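The values are calculated or read from the model by the stated rules, or taken from the named source; none is laboratory data. This structure is a prediction, so every number in the text was calculated from the model and none was measured. Positions of Cβ are generated from backbone atoms using ideal geometry, with glycine treated the same way; all protein chains shown enter the neighbour counts.
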Amino acid sequence: MERVLIKLFIYLFLFLSFSSYAHGQVRRYVPGEVIVKLKNKTGVSGQSFLGKATSQKGLRVRGAFKRMGIYHFAIKENQKVEDAVEEMKADPDVEYAEPNYIFSKATVGNVTQSFSVLEVSAMASASSEYYMATGAPIQVTNTWASIVHNSVPIVAVIDTGLNMNHPVFSTTDAVWQNPGEIPGNGIDDDGNGFVDDVNGWNFITNSGVMLDDDGHGTHVSGIILGVTQDIYTPPYPSAKMRIMPLKFLDGEGYGKTSDAIKAIYYAVNNGATVLNNSWGGNSYSAALHEAISYTYDAGAIFVAAAGNNGANNDSSPMYPASFAVPNIISVAATTDTDALAYFSNYGHSSVHLASPGVFILSTLPSGYGSMSGTSMATPFVSGLAALMKTERPNLLGYQAKQLIMGNTDSISGLNSKVVSEGRMDVYNTIQATKLANISGSQPPYKYTNADRNLSSSIAASGCGVVSKMISKGQGGPGGGSTPESWSIFILLALLALPIIVYNALRQKNPKDKRQHERFKINSEVKVKVGDRELIGSISTISLGGVQLNTNAMLESGGIVSMVIRSPDGAEQIAIEGRVVWSEAQKAYGVQFAQTSQAIHERIATWTKSLVKAS
Ligand code: CA
């Protein structure tokens, strides 16, 4: 038994470190694209640049924010992004030019436990404290009954989308409805530039069809809603807010700056006053900075995840959390014992407060599940901000931020770690909000790109939002290698065990005639499909192929390149294969394209210690 446990720990360790390794390889910007701001957005100068851009520079307009003078271009096919950016910076008409950076969701690891709607409802009625136990010590129940329904704030969830068929959303009024749009008539009825944007917008497919092919956005949305009501026990009550899903992160949790900007403008222009941003990256984008300053001018609050590198944002900024816009509230994550989560970024002058972010139970597309990350801490603050807007509809985002920060619970573990040195407190903040003087004005903020030099180099460090937990555990920067954070790590490992055991024991039906004996394996694999890089797991292996499990869609018949880890983690093999069957877009049979004698021998050696698959 002990050996099995040790082995499982090794698997978990490998899984985490491999995730870390793989995320380090992820591209930091979209190839072949740039974002440009013109100095004179409406005058002759701007026009002349656009003329030059299309005729001489070979640029094609992919998107435009004409009022801001910001353009999103595709560059010439053979030109490097770095060269295009430098060329445009040298143009006298250009204020700034930058790559179209890629950002990612801010979770750690995967779903650690999942439950059906029925299971969670049974747990919730067996113990009304369940959400407290999983969500940590926030006094939310005190506020539920006492809030008067003055107005219904709109919370934009800029994320991976939303599964609107989940009963929490499908049987309630929790999802925003665009009052000016007639569903399915193919017309932009309200003239906002989006056709049939009935509940929000999907910037990946450029349509009003909302889905969540990752689960992250649905989980985040449930947490926001859960601050003001029970999301575990049906029938679910009428919502006190409206969730506006804006999908810009893809099924693997990655999204482009150009789409993030579009989502931010959409949110504000369509009435959202709270913007939840459980994503980030290390790349400074002036265009993103400018878009967020627009949300400040509009009086909204911009809630952003501090990031999961276990790093100090004061010295290594995480965007959008670290922009100096006054309505940004940057959120770190705490455990249920009020310690700073081992993965959480912090910053005494740049991260504003913390809220719970470890093993948070919330909605998933298929039921409920626990997830961890500053991604999960952020929506608690967004939910609180929505509740404050319910109480005081005219509260500006900037003032909401001051009230939230001024009414935190002082936590010793947060001393010198966050600006307020506290964890958010729903009850205290709402009491203070009721009594607050609302001034109706806020200090002016002029966007400047003066801090561009912080990370203006394209070659700066990678977009490591989800990538650094292991390096931290091994003695990385900050307080991460303390015994406390190790104990949390071990706890996390223990809680992940059932899933690993389940995966190890899971059997799939054979999908094709197999010439080789298959063996059960639980190993991580890095998969390359075209220029996409994915992470998956292998659940069976034979001399002829593997069963590959990944959330990403793979085409049947498609060629994939894989790097497969051995069961003991000691070695890896690189091999090409063809997708020969798929099951519910999660499990794929991949037949090896060709195997050398050496690879045959390696696999044969690996399988000696493995159990045969039936
Ligand atoms: Ca419309």
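Which numbered condition in (1) buried (at least 24 other Cβ atoms within 10 Å of the Cβ); (2) in contact with a helix residue (DSSP H, G or I) (Cβ under 6 Å, 6 or more places away or on another chain) is the only one that LEU288 fails?
LEU288 satisfies all of (1) buried (at least 24 other Cβ atoms within 10 Å of the Cβ); (2) in contact with a helix residue (DSSP H, G or I) (Cβ under 6 Å, 6 or more places away or on another chain) except (1).
Which residue out of THR218, THR273, THR295 is assigned by TED's automatic domain parsing to the domain that holds MET123, within 27 Å of TYR29 (Cβ to Cβ), among the polar types (S, T, N, Q) and touching a strand residue (DSSP E or B) at 6+ places or on another chain (Cβ under 7 Å)?
Exactly one residue qualifies, and that residue is THR295.
So that you can scan it fast, the table gives a plain yes or no per residue for (1) within 16 Å of the ligand (Cβ to nearest atom); (2) modelled with pLDDT under 95; (3) at positive phi:
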{"residue": "ASN142", "(1), (2), (3)": "no, yes, no"}
{"residue": "ILE147", "(1), (2), (3)": "no, yes, no"}
{"residue": "ASN150", "(1), (2), (3)": "no, yes, no"}
{"residue": "ASN163", "(1), (2), (3)": "no, no, no"}
{"residue": "SER170", "(1), (2), (3)": "no, no, no"}
{"residue": "TRP176", "(1), (2), (3)": "yes, no, no"}
{"residue": "GLY186", "(1), (2), (3)": "yes, no, yes"}
{"residue": "ASP196", "(1), (2), (3)": "yes, no, yes"}
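Residue under question is LYS37, and the condition is that it be in a strand (DSSP E or B) and modelled with pLDDT of 90 or more; does it hold?
On the way: in a strand (DSSP E or B): yes; modelled with pLDDT of 90 or more: yes.
Against the criterion (in a strand (DSSP E or B) and modelled with pLDDT of 90 or more), LYS37 qualifies.
Can you run down the residue pairs with Cβ atoms below 8 Å, 6 or more apart or on separate chains, where the first is in region 55-69 and part of a loop (DSSP other than H, G, I, E, B) and the partner is acidic (Asp, Glu)?
Every condition considered, the pairs that remain are LYS57/GLU87; MET68/GLU290; GLY69/GLU95.
Counting only residues that are small (Gly, Ala, Ser) and either closer than 19 Å to MET371 by Cβ or without any contact (Cβ under 8 Å) to a residue 60 or more places away in the chain (or both), which one in region 331-354 is surrounded by the fewest Cβ atoms within 10 Å (Cβ to Cβ)? Let's see the steps before the verdict.
Of all residues in region 331-354, those small (Gly, Ala, Ser) come to 332-333, 339, 341, 344, 347, 349-350, 354.
Still in the running and either closer than 19 Å to MET371 by Cβ or without any contact (Cβ under 8 Å) to a residue 60 or more places away in the chain (or both): 332-333, 339, 341, 344, 354.
On the way: ALA332: 29, ALA333: 33, ALA339: 21, ALA341: 29, SER344: 35, ALA354: 34.
Top of the filtered list is ALA339.
Among GLY251, GLY281, GLY217, GLY200, which is under 23 Å from PHE115 (Cα atoms) and surrounded by 22 or more Cβ atoms within 10 Å (Cβ to Cβ)? If you could, list the steps in order and put the result at the bottom.
Working: GLY251 fails: surrounded by 22 or more Cβ atoms within 10 Å (Cβ to Cβ); GLY281 fails: under 23 Å from PHE115 (Cα atoms); GLY200 fails: under 23 Å from PHE115 (Cα atoms).
Exactly one of GLY251, GLY281, GLY217, GLY200 is under 23 Å from PHE115 (Cα atoms) and surrounded by 22 or more Cβ atoms within 10 Å (Cβ to Cβ), namely GLY217.
If THR233 satisfies every condition in (1) within 16 Å of the ligand (Cβ to nearest atom); (2) out of contact with any Asp or Glu (no Cβ under 9 Å at 6 or more places or on another chain); (3) outside any strand (DSSP E or B) but one, which is the exception?
Here THR233 meets the rest and fails (1).
Would you check if there is a residue in region 543-550 being part of a loop (DSSP other than H, G, I, E, B), modelled with pLDDT of 80 or more, assigned by TED's automatic domain parsing to the domain that holds GLU524 and not β-branched (Val, Ile, Thr)? Spell out the reasoning first.
First, pick out the residues of region 543-550 that are part of a loop (DSSP other than H, G, I, E, B): 543-544, 550.
The next check asks that each one be modelled with pLDDT of 80 or more; those that pass are 543-544.
Now narrow it down to the ones that are assigned by TED's automatic domain parsing to the domain that holds GLU524: 543-544.
Then keep just the ones that are not β-branched (Val, Ile, Thr); that gives 543-544.
The answer is yes, given that some residue of region 543-550 is part of a loop (DSSP other than H, G, I, E, B), modelled with pLDDT of 80 or more, assigned by TED's automatic domain parsing to the domain that holds GLU524 and not β-branched (Val, Ile, Thr).
Looking at region 333-355, can you tell me whether even one residue there is polar (S, T, N, Q), closer than 20 Å to GLY200 by Cβ and modelled with pLDDT of 95 or more? It would help to see each step written out before you state the result.
As a first pass, look at region 333-355 and keep what is polar (S, T, N, Q): 334-335, 337, 344-345, 349-350, 355.
Then drop every residue that is not closer than 20 Å to GLY200 by Cβ, which leaves none.
No: region 333-355 contains no residue that is polar (S, T, N, Q), closer than 20 Å to GLY200 by Cβ and modelled with pLDDT of 95 or more.
Assess whether LYS446 counts as being outside the structural domain of THR337 (by TED's automatic domain parsing), over 28 Å from ALA339 (Cα atoms) and not in a strand (DSSP E or B). Don't jump to the end; show me each part of the working.
Numbers: outside the structural domain of THR337 (by TED's automatic domain parsing): yes; over 28 Å from ALA339 (Cα atoms): yes; not in a strand (DSSP E or B): yes.
So LYS446 passes the test.
Pairs only if they're at least six apart or on different chains, beta carbon under 6 angstrom, first in region 167-188 and in a loop (DSSP other than H, G, I, E, B), second within 16 Å of the ligand (Cβ to nearest atom) and acidic (Asp, Glu); list them, first residue then second.
ASN178/ASP197; GLY180/ASP189; GLY180/ASP190; GLU181/ASP189; GLU181/ASP190; GLU181/ASP197; ILE182/ASP189
Return the total of residues in region 198-218 being out of contact with any helix residue (DSSP H, G or I) (no Cβ under 7 Å at 6 or more places or on another chain), in contact (Cβ under 8 Å) with a residue 40 or more places away in the chain and either part of a strand (DSSP E or B) or away from the ligand (no atom under 16 Å from the Cβ) (or both).
The number of residues fulfilling the criteria is 8.
Would you say TYR342 is assigned by TED's automatic domain parsing to the domain that holds ALA400, over 17 Å from the mean Cα position of the chain (by Cα) and of a type outside the set (A, V, I, L, M, F, W, C)?
yes
Given the structure, is ILE158 in contact with a Phe, Trp or Tyr (Cβ under 8 Å, 6 or more places away or on another chain), modelled with pLDDT of 95 or more and either within 16 Å of the ligand (Cβ to nearest atom) or in a strand (DSSP E or B) (or both)? I'd like the intermediate steps shown before the answer.
Numbers: in contact with a Phe, Trp or Tyr (Cβ under 8 Å, 6 or more places away or on another chain): yes; modelled with pLDDT of 95 or more: yes; either within 16 Å of the ligand (Cβ to nearest atom) or in a strand (DSSP E or B) (or both): yes.
So ILE158 passes the test.
Let's see how each residue does on (1) at pLDDT below 90; (2) outside any loop (DSSP other than H, G, I, E, B); (3) under 30 Å from ASN345 (Cα atoms); (4) in contact with a helix residue (DSSP H, G or I) (Cβ under 6 Å, 6 or more places away or on another chain):
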{"residue": "GLY32", "(1), (2), (3), (4)": "no, yes, no, no"}
{"residue": "LYS41", "(1), (2), (3), (4)": "yes, no, no, no"}
{"residue": "GLY46", "(1), (2), (3), (4)": "yes, yes, no, no"}
{"residue": "LYS52", "(1), (2), (3), (4)": "yes, yes, no, no"}
{"residue": "ALA84", "(1), (2), (3), (4)": "no, yes, no, no"}
{"residue": "ASN100", "(1), (2), (3), (4)": "no, yes, yes, yes"}
{"residue": "GLN113", "(1), (2), (3), (4)": "yes, yes, yes, no"}
{"residue": "ALA122", "(1), (2), (3), (4)": "yes, yes, no, no"}
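May I ask you to say which residue of GLY222, GLY180, GLY226 is away from the ligand (no atom under 12 Å from the Cβ) and at pLDDT below 95?
GLY226
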